[in-house]
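The values are calculated or read from the model by the stated rules, or taken from the named source; none is laboratory data. Please read all numbers here as calculations on a predicted model, not as lab measurements. Glycine also receives a Cβ, built like all others from the backbone with ideal geometry; neighbour counts cover every protein chain displayed.
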Amino acid sequence: MNRSSFAILLLATFLILFSPLGIDIYLPALPTLARVFEATSAEIQYTLSLFIFASGLGQLVAGPLADRYGRRPIALCSIVLFLLSSLAAAAAQDLFQLYISRTLQGLAACGTSVVSYTLIRDRFNGNDRATAYNYLNGSLCVAPAMAPFLGAVLADSFGWRWIFVALAAFSICVFGYIYARLPETRPDSTLKPESLFSLKHYGPLFSNSSFLYYGFACMAALASIICYVSFAPLVLIQELGLSQKDFGILFGANAVLIILANLFAPRIISRLGAFSTVISGCSILGGAGLIMLLSYYLNQTTLLGYVIPVAIASIGFALILGAATSQALAPFPDQAGTASAALGCGQMVGAATISAMALETGWSGTLAVSMVLAVLGGSCLIAGVGFGQRLQSVRSVQPKA
């Protein structure tokens, strides 16, 4: 990787961090928020679901905006919105105000995420692109490795509102760096959509079997991790009695595992190819769900019966996400922003919907997470094996003007 490519990857990394930071840094404070706002655990969990749902749905507009106006202005405007919504969340006086602030934060994070993935699509090709996506997805786990512990320290020392003040401070720092360093990377051949949202822009995407399968695989991987993240405070703090700091340490340790798996994944891709890597990841994801389900029925919820299958599933997540993202976007060089937006929307909205449905079942956290892992991992494996020959050849699609 040359110097200019590394610089783009570093910029993309800072932009992608808004989404995991917005989710993970305040996880240890969820039980505190439930007490402060006199809300149920499910009502507080919806602050996560709203963030994720907005982060996904907003990409349908953010992608065409990035194709029309360029990557740089969308990145800068999104950071400003994240800053303002973080300050609004810090000042929230009731649960409704927190819901609104979190929704706006999600919309802001969707803009930075679209630009982040689009930068990689603009500047990298072939296996280098898959490798870059793996490093980018690995960086996504830097925040979970540190953010929960930082959030626990801030909440214990200064109160939960300082978690959002810290997010505002992060926004200011990244805005300065992006303003000074980010060039405009939009290719001259990029189609500039006349309207911000039109179904015809997405026609070539949703008629492409490669995009549909790999997009579903991305959604399954992300939904599995989001479901784990959503239930982790309930299982580890409320059911198993861990302290906020112990939760942060354990949560961070699993994030470090995902980072290491993402760093190792490019070797797997170069040896097996992207398709076989995704299939392997789906097998691991589904297998982890079955192990957790078996442990739950034998012993109910135990620490090892929960964290070991989650660790196994995290390896599957790492194998799937980088390779599947690269393959899903590969056929659309002239619609990189729109394709990234559609992919991100499917991932985030699907993950938020599945997580919300799991919350509504009333199942214990362990049972809900195990079912999500087993069903999604198994579904991706069956679909991949069934349509394998059609998926192993990816060709560029030329959209209609």
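Name the residue that is farthest from the chain's Cα centre (by Cα), counting only residues in segment 262-271 that are surrounded by 15 or more Cβ atoms within 10 Å (Cβ to Cβ) and in contact (Cβ under 8 Å) with a residue 60 or more places away in the chain.
Among those residues, the one meeting the criterion is I269.
Those residues that are more than 26 Å from I249 (Cβ to Cβ) and in contact (Cβ under 8 Å) with a residue 60 or more places away in the chain, I need them from segment 272-292; list them, please.
G273, A274, F275, V278, I279, G281, C282, S283, G286, G287, L290
Just the residues that are under 21 Å from the mean Cα position of the chain (by Cα) and free of Cβ contacts under 8 Å to residues at least 60 places away in the same chain, please, taken from segment 79-100.
Of everything in segment 79-100, those that are under 21 Å from the mean Cα position of the chain (by Cα) and free of Cβ contacts under 8 Å to residues at least 60 places away in the same chain turn out to be L81, S85, Y99, I100.
Wholly within segment 278-388, which helices (runs of 4 or more DSSP H) include no fewer than the required count, namely at least 2 residues that are surrounded by fewer than 24 Cβ atoms within 10 Å (Cβ to Cβ), β-branched (V, I, T) and in contact with a helix residue (DSSP H, G or I) (Cβ under 6 Å, 6 or more places away or on another chain)?
303-329, 336-360
Quick grid of which residues meet (1) surrounded by 21 or more Cβ atoms within 10 Å (Cβ to Cβ); (2) hydrophobic (A, V, I, L, M, F, W, C); (3) part of a helix (DSSP H, G or I):
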{"position": "S171", "(1), (2), (3)": "yes, no, yes"}
{"position": "F175", "(1), (2), (3)": "no, yes, yes"}
{"position": "E184", "(1), (2), (3)": "no, no, no"}
{"position": "C218", "(1), (2), (3)": "yes, yes, yes"}
{"position": "C227", "(1), (2), (3)": "yes, yes, yes"}
{"position": "F231", "(1), (2), (3)": "yes, yes, yes"}
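Looking only at residues that are modelled with pLDDT under 90 and not hydrophobic (A, V, I, L, M, F, W, C) in segment 354-372, which one is nearest to the chain's Cα centre (by Cα)?
Applying the filter and picking the extreme gives S355.
Across segment 14-67, what is the number of residues that are over 12 Å from the mean Cα position of the chain (by Cα), aromatic (F, W, Y) and buried (at least 24 other Cβ atoms within 10 Å of the Cβ)?
So the answer is 1.
Does at least one position in segment 187-201 carry a residue that is touching a His at 6+ places or on another chain (Cβ under 7 Å) and not acidic (D, E)?
yes
Starting from segment 139-157, keep only residues that are in contact (Cβ under 8 Å) with a residue 24 or more places away in the chain, then list their pairs with residues that are charged (D, E, K, R) and crowded, with 24+ Cβ neighbours inside 10 Å whose Cβ atoms are within a distance under 7 Å, requiring at least 6 positions of separation or different chains.
Hits for this filter: A143/D24; P144/D24; A147/D24; P148/D24.
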